[in-house]
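Worksheet: the structure to be examined is printed underneath.
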Amino acid sequence: MDPADGLIASPHDVNRRLRESAPVHRITGTDGNPAWLVTRYEDARRALADPRLSLDKRHATPGNYRGFALPPALDANLLNMDPPDHTRIRRLVARAFTPRRVEQLRPPIRRTADRLLDALGPHGTTDLVASYAAPLPITVICDLLGVPEDHRRDFRVWTDSLVAPDPARPQAAKEAVAGLLGFFTDLLAAKRKERADDLLSDLIAVREEGDRLGEDELMSLAFLILFAGYENTVQLIGNAVLGLLNHPDQLAALRADPALLPAAVEEFARHEGPALLAIRRFTTEDVTFGEVTVPAGETVLVSLAAANRDPARFPEPDRLLLDRDTSGHLALGHGIHYCLGAPLARAETEIAVAALLERFPELALDEPDSEPRWRASLRARGLAALPVTYATQRRTDAPHRRTEKIL
């Protein structure tokens with residue numbers, strides 16, 4: 001059986017076997033493309049920063065890569081570029097994600113979190129993905145971009161169709177791309193006529209030494225910021241809450257010491273990050289991993305999930321340990337392609353978890369004996385649903401009742 005067959009249903013078990021047997025494995029992806037899968041931490045870290053591994057599809061051997069074709073206006077994004085184009089565009093947009101700007105976003109993020117929790121009421125049962133983990137990031141990223149509220153519901157449908165395609169609806173991905181392309185065309189035209197205090201207006205106006213973003217570059221950046229900024233954070237928040245509920249000792253430690261939260265976010269990302277795989281890369285020359293040589297023109301997939309659970313780097317890797325040393329984890333990438341929106345994803349996750357635990361001292365899985373429902377994706381690691389029970393007051397008959405201050 002091809003290793004890819006088990007990576008969706010049981011990625012950590014499959015990754016463990018692959019890590020132990022060889023540094024790199026030949027697989028066939030769910031899209032039918034052959035690829036080489038890198039699973040060990042040191043190899044993965046080197047691969048992510050290796051200039052011989054290109055993101056430009058033109059380096060793929062003809063017939064070796066048949067990826068889903070985005071239109072040029074969406075394809076000209078940072079995930080398909082090498083330097084110097086990548087360097088130029090990243091420099092132009094980096095100012096939008098400075099620590100100062102992210103800090104300014106913290107109060108509105110918290111207000112959004114509180115509003116969503118208010119809507120849940122004082123107690124009950126909910127799918128926390130649908131009611132909290134998904135609407136929080138979509139509100140944040142749409143506010144950041146300046147997307148009108150009446151268009152935001154479409155984005156969840158479009159991104160679902162691209163991240164976890166429904167086999168029963170093979171046209172859904174193409175419809176999603178068409179929807180996104182048409183929407184951003186209209187939105188950018190509107191922003192040119194009337195600028196506002198939002199990121200899209202800033203990107204239209206940004207200049208550096210006479211340089212500016214072209215039309216396709218603007219469109220593809222808007223698409224990438226929405227898609228990556230939203231999807232990754234939804235998954236990170238949902239996975240973080242699931243990890244805490246499955247590790248009650250760590251949940252108790254976090255409630256007892258809120259100062260653990262920033263470090264906890266790094267451990268959430270390491271333990272169950274939002275992506276199983278980094279964006280595909282193509283060898284520009286022969287590249288060797290251990291005793292295995294990958295020829296030029298081949299597709300390489302770096303398993304972030306496998307690397308982040310490599311016991312050679314992280315002892316007891318399958319345990320969620322909020323006080324562990326997570327330095328160097330690869331959940332948000334490494335090298336020049338390190339996630340541009342990482343500071344925002346961290347801030348959103350920190351605020352989302354803090355607000356949730358403050359509001360609900362009683363929070364538990366509604367189906368504790370059931371397996372988590374993961375989205376059917378080889379790349380994204382996110383929950384399809386997270387049913388929980390919650391209450392704003394602790395039960396007086398609860399065993400081992402805690403009295404210390406919670407988050």
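In the stretch 47-62, which residues are surrounded by fewer than 17 Cβ atoms within 10 Å (Cβ to Cβ) and either touching a Ser or Thr at 6+ places or on another chain (Cβ under 7 Å) or closer than 12 Å to residue 301 by Cα (or both)?
52
Would you mind telling me which numbered condition in (1) free of Cβ contacts under 8 Å to residues at least 40 places away in the same chain; (2) among the small types (Gly, Ala, Ser); (3) part of a strand (DSSP E or B) residue 370 fails?
So residue 370 meets the others, but not (3).
How many residues, within the stretch 305-337, are of a type outside the set (A, V, I, L, M), over 13 Å from residue 273 (Cβ atoms) and assigned to a loop (DSSP other than H, G, I, E, B)?
12
Exactly one of these conditions fails for residue 44: (1) surrounded by 22 or more Cβ atoms within 10 Å (Cβ to Cβ); (2) at pLDDT below 85; (3) among the small types (Gly, Ala, Ser). Give me its number.
Among (1) surrounded by 22 or more Cβ atoms within 10 Å (Cβ to Cβ); (2) at pLDDT below 85; (3) among the small types (Gly, Ala, Ser), the lone unmet condition for residue 44 is (2).
When you check residue 270 against the structure, is it farther than 21 Å from residue 373 by Cβ, within 15 Å of the chain's Cα centre (by Cα) and surrounded by 23 or more Cβ atoms within 10 Å (Cβ to Cβ), yes or no?
yes
Is one or more of the residues making up the stretch 276-294 closer than 18 Å to residue 381 by Cα and more than 13 Å from the chain's Cα centre (by Cα)?
Of all residues in the stretch 276-294, those closer than 18 Å to residue 381 by Cα come to 276-280.
In the following step, the residues that additionally are more than 13 Å from the chain's Cα centre (by Cα) were identified as 280.
There is at least one residue in the stretch 276-294 that is closer than 18 Å to residue 381 by Cα and more than 13 Å from the chain's Cα centre (by Cα).
Got a number for residues in the stretch 334-360 being more than 20 Å from residue 143 (Cα to Cα), at pLDDT 95 or above, surrounded by 18 or more Cβ atoms within 10 Å (Cβ to Cβ) and of a type outside the set (A, V, I, L, M)?
Of the residues in the stretch 334-360, 3 are more than 20 Å from residue 143 (Cα to Cα), at pLDDT 95 or above, surrounded by 18 or more Cβ atoms within 10 Å (Cβ to Cβ) and of a type outside the set (A, V, I, L, M).
Given (1) surrounded by 19 or more Cβ atoms within 10 Å (Cβ to Cβ); (2) closer than 23 Å to residue 280 by Cβ; (3) small (Gly, Ala, Ser), identify the lone condition not met by residue 133.
(2)
Which ranges mark the helices (runs of 4 or more DSSP H) fully within the stretch 136-238 that have 3 or more residues being surrounded by 14 or more Cβ atoms within 10 Å (Cβ to Cβ) and within 15 Å of the chain's Cα centre (by Cα)?
The qualifying helices (runs of 4 or more DSSP H) are 153-163.
Return yes or no: is residue 83 on the phi < 0 side of the Ramachandran plot, free of Cβ contacts under 8 Å to residues at least 24 places away in the same chain and not in a helix (DSSP H, G or I)?
On the way: on the phi < 0 side of the Ramachandran plot: yes; free of Cβ contacts under 8 Å to residues at least 24 places away in the same chain: no; not in a helix (DSSP H, G or I): yes.
Considered against the rule, which asks whether it is on the phi < 0 side of the Ramachandran plot, free of Cβ contacts under 8 Å to residues at least 24 places away in the same chain and not in a helix (DSSP H, G or I), residue 83 comes out as no.
Could you check the stretch 73-95 and list, in sequence order, the residues that are of a type in the set (A, V, I, L, M) and closer than 18 Å to residue 333 by Cβ?
78, 79, 81, 89, 93, 94
Could you grab me the full set of residues in the stretch 273-316 that are surrounded by 20 or more Cβ atoms within 10 Å (Cβ to Cβ), under 19 Å from residue 329 (Cα atoms) and of a type in the set (A, V, I, L, M, F, W, C)?
Scanning the stretch 273-316 gives 275, 276, 277, 278, 301, 302, 304, 305, 306, 307, 314.
Please pick out the residue among 344, 340 that is out of contact with any strand residue (DSSP E or B) (no Cβ under 6 Å at 6 or more places or on another chain) and assigned to a helix (DSSP H, G or I).
344
Is there a residue being within 30 Å of residue 324 (Cβ to Cβ) and β-branched (Val, Ile, Thr) anywhere in the stretch 263-279? Show your work before the answer.
Initial filter on the stretch 263-279 (within 30 Å of residue 324 (Cβ to Cβ)): 263-279.
Going one step further and asking which of them are β-branched (Val, Ile, Thr), we end up with 265, 279.
Yes, that holds for at least one residue.
Those residues that are in contact with a helix residue (DSSP H, G or I) (Cβ under 6 Å, 6 or more places away or on another chain) and of a type in the set (Val, Ile, Thr), I need them from the stretch 297-356; list them, please.
302, 326, 349, 351, 353, listed by residue number.
So for the stretch 79-98 (the condition being loosely packed, with under 14 Cβ neighbours inside 10 Å and among the aromatic types (Phe, Trp, Tyr)), does at least one residue qualify?
No, that holds for no residue.
Please count how many residues of the stretch 5-60 are of a type in the set (Lys, Arg) and part of a loop (DSSP other than H, G, I, E, B).
Of the residues in that region, 2 qualify.
Looking at the stretch 106-115, which of the residues that are touching a residue at least 12 places away in the same chain (Cβ under 8 Å) and surrounded by fewer than 18 Cβ atoms within 10 Å (Cβ to Cβ) is nearest to residue 197 (Cα to Cα)?
Out of the qualifying residues, it is 108.
With 315, 311, 361 as the choices, which residue is under 26 Å from residue 249 (Cβ atoms) and in contact with a Pro (Cβ under 6 Å, 6 or more places away or on another chain)?
None of the others qualify; the one that does is 311.
Is it true that residue 319 is buried (at least 22 other Cβ atoms within 10 Å of the Cβ) and among the basic types (Lys, Arg)?
No: the conditions fail for residue 319.
The values are calculated or read from the model by the stated rules, or taken from the named source; none is laboratory data. Small disclaimer: the values here were computed from a predicted structure and weren't measured. Neighbour counts are summed over all protein chains in view; Cβ atoms, including those assigned to glycine, are modelled from backbone coordinates with ideal geometry.
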